[in-house]
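Written out below as structure tokens is the structure these notes cover.
The values are calculated or read from the model by the stated rules, or taken from the named source; none is laboratory data. All values derive from a computational prediction rather than experimental measurement. Counting neighbours? That spans all protein chains shown, and the Cβs are built from the backbone with ideal geometry, glycine included. These accessible areas exclude ligands, DNA and RNA; they are computed on the full protein's heavy atoms, side chains included. Shrake-Rupley method; radii C 1.70, N 1.55, O 1.52, S 1.80 Å.
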Amino acid sequence: MKNKIIFLLVVLWTCSCNDQTHQNENLDYRILKKIEIELSSKNQYIHSQLQFLDSCTIIALDRNFRKLDIISICDERFEKSILLQDDGPDKVYPVSSFFYHSVDSIFLFSLDAVTFQLVDTSSHVLNEWRLQNLVFPDEVFANISGSNGYFDPFSLTQNGMFHLPFNFDESKNRLTVNILPQSEFMGFKDRKTYYSSPLIGIYSLENNSFMSFSGEWPDLYQADKTPNNPFNNFVFNDKQKFVINFYNSDKVFSSEKNDFYRISSNYFDERYTLFSIDAEADYTTEQELNAFHKDEGYVNLVFDPFKRLYYRIAKHSNDNLGKENSHRMEAEWSIIVFNENFVVLGEVLMPKKTYNYLQILPTNSGLLVSKENIYSPTNNEELYEFDLIEITL
């Protein structure tokens, strides 16, 4: 009996040691530079998405005021706004997200109109692609549970809430976007359709059609109770291969390697809500929003072409805030750093209610992180602020 107990203790000790080997190394960061842009009363903005125009300049989408703002980081000033037209020959549909390609090639996506538009910096509409009555190829449709054969593109950015951009590949003249299958199932059972479908569609601008579909779901989403989040962002590397970031899974999916890789947070312990996807299941909007804001989740993924690293953004659970209706931007969060071989290099804990973790841009000096978080006690409405940070590896 004594030998059995000793053996059990050895096994438990071994398992404990093995668990520790999976813990990410604790990293630190330092602020290289603070950027403060003074605002005048005319600089109204609610930016949902940021992208570098060049190494000194950011272009930002303002969905509410229907414009694209040009901001100089080097000179620390607002330069100008590109106003999007409401009517006439250059009418722009309500914009959900954008992709800046060049000075006279800015792609816009409208979730309302299910349309891509191409505009220049004078807000002239150069081209548009209406995406309606989209049907899966037979070989794709056959593997989707409860599908009626149709699907819709989905791309949405919203300040503090959603970061689901699309991508343009100039070499192939193609757009890559999230897709959402239409379902014949009722209630929450339609998640069975979502989680058996490809996640990504590649649209050829030359042929005006979707050419291929890709992406797989982790096992977590194949159970009778699953997370309620069919929308996951993806990021391209400089080889035009993408990695899908799943909101509630510790795994990411690589299109280059066609495989899943575990990129988990030290601070996560599966504190997320599982929803039954039975046909009889019914949940209130309050329950869904509570899970969206309070549950832990991998909310963003960033590729750094300068250091050839990925940064997975982990929003921690809000349960410890002691507030009934806490917002996801109030939560603590961290950055998991991993390389192109999907080896985790470490994780850095970031201060809560200071930054906007959905607006992070890599530079050749470090990471530019927006401080436009309305829940920040130090948020200054008269300044547009960023910190340029360096994670110490």
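For the chain, modelled as a GNM whose springs connect Cα atoms under 10 angstrom apart, the maximal fluctuation among 157, 363, 378 occurs at 378.
Using a 1.4 angstrom probe on heavy atoms only, work out the carbon and sulfur share of the accessible area of the range 226-284 in %.
Numbers: 1060 of 2660 Å².
The computed percentage sits at 40.
Once Rg and the Kirkwood radius are both taken over the C-alpha atoms of the range 99-191, their ratio Rg/Rh works out to 1.03. 3J(HN,Hα) along the range 129-144: 10, 7, 10, 10, 6, 7, 10, 5, x, 4, 5, 7, 4, 4, 9, 9 Hz, from the Karplus curve 6.51 cos²θ - 1.76 cosθ + 1.60 with θ = phi - 60°, whole Hz, x for Gly and Pro.
Per DSSP H run of at least 4 residues, take -39500 (n - 2.57); add these up for the chain, divide by its residues and hand me the 222 nm value, nearest 500 deg cm²/dmol. Taken over the chain, the calculation gives -3000 deg cm²/dmol. Considering all different alpha carbon pairs of the range 28-136, the Kirkwood hydrodynamic radius works out to 15.1 Å. 3J(HN,Hα) along the range 366-372, derived from phi through the Karplus expression 6.51 cos²θ - 1.76 cosθ + 1.60 where θ = phi - 60°, amounts to x, 9, 8, 10, 5, 9, 7 Hz, with x in place of Gly and Pro. Cross-link partners for residue 172 among the aspartates and glutamates, with Cα-Cα distance under 18 Å and sequence neighbours closer than 8 places in the same chain left out: 128, 206, 238, 256. Applying the criteria of a DSSP loop state and at most 10 other Cβ atoms within 10 Å to the GluC sites (Glu not before Pro) of the range 175-223 yields 206. For residue 363, the amide hydrogen comes within under 5 Å of the amide hydrogens of 368, counting only partners 5 or more places away or on other chains and with H modelled in the peptide plane.
What the chain shows is 48 Å² of accessible area per residue, with the surface traced by a 1.4 Å probe over protein heavy atoms. Shown for the range 322-393: the carbon plus sulfur share of the solvent-accessible area, taken with all protein chains present and a 1.4 angstrom probe, equals 45%. Here the range 185-308 yields Rg over Rh of 1.00, to two decimals, using C-alpha coordinates and the Kirkwood radius. Say the cut-off is 21 Å between C-alpha atoms; which of 315/352; 192/257; 189/225; 239/371 go over it? Those over the limit are 192/257; 239/371.
Using a probe radius of 1.4 angstrom, the carbon and sulfur fraction of the accessible surface of the range 26-142 is 46%. Multiplying the residue separation of residue 184 and residue 31 by 0.36 nm and removing their Cα-Cα distance gives an extension gain of 50.0 nm. A Gaussian network model of the chain, with springs between Cα atoms under 10 Å, assigns the largest mean-square fluctuation among 224, 69, 304 to 224. Dimensions of the chain from C-alpha coordinates, computed as largest minus smallest value along each principal axis and given longest first, are 86, 53, 42 Å. Computed with the Debye formula from one identical point scatterer per Cα of the range 251-370, without solvent, the log10 of I(q)/I(0) at q = 0.17, 0.21 Å⁻¹ comes to -0.93, -1.21.
Karplus-based coupling profile of the range 168-176, in residue order and whole Hz: 10, 10, 5, 4, 10, 6, 10, 10, 10, with θ = phi - 60° in 6.51 cos²θ - 1.76 cosθ + 1.60 and x standing for Gly or Pro.
Gain in length, residue 339 to residue 363, computed as 0.36 nm per residue apart minus the alpha-carbon separation, to one decimal in nm? Don't skip to the end; give the middle numbers.
Details: separation 24, 0.36 × 24 = 8.64 nm, distance 1.67 nm.
Fully extending the segment from residue 339 to residue 363 adds 7.0 nm.
Loop-resident GluC sites (Glu not before Pro) (DSSP state other than H, G, I, E or B) in the range 53-154 with no more than 16 further Cβ atoms inside 10 Å of their Cβ: 76. In the elastic network of the chain, a GNM with C-alpha springs shorter than 10 Å, the most mobile of 103, 369, 337 is 103. Excluding same-chain neighbours fewer than eight residues apart, the lysines reachable from residue 67 by a Cα-Cα span under 18 Å are 42, 80, 91.
Would you please name the GluC sites (Glu not before Pro) within the range 264-310 that are DSSP coil residues with at most 15 other C-beta atoms within 10 Å of their C-beta? Present the calculation step by step, with values, prior to reporting the outcome.
Numbers: sites: 270, 280, 286, 288, 296; in loops: 270, 280, 296.
Sparse-neighbourhood loop GluC sites (Glu not before Pro): 270, 280.
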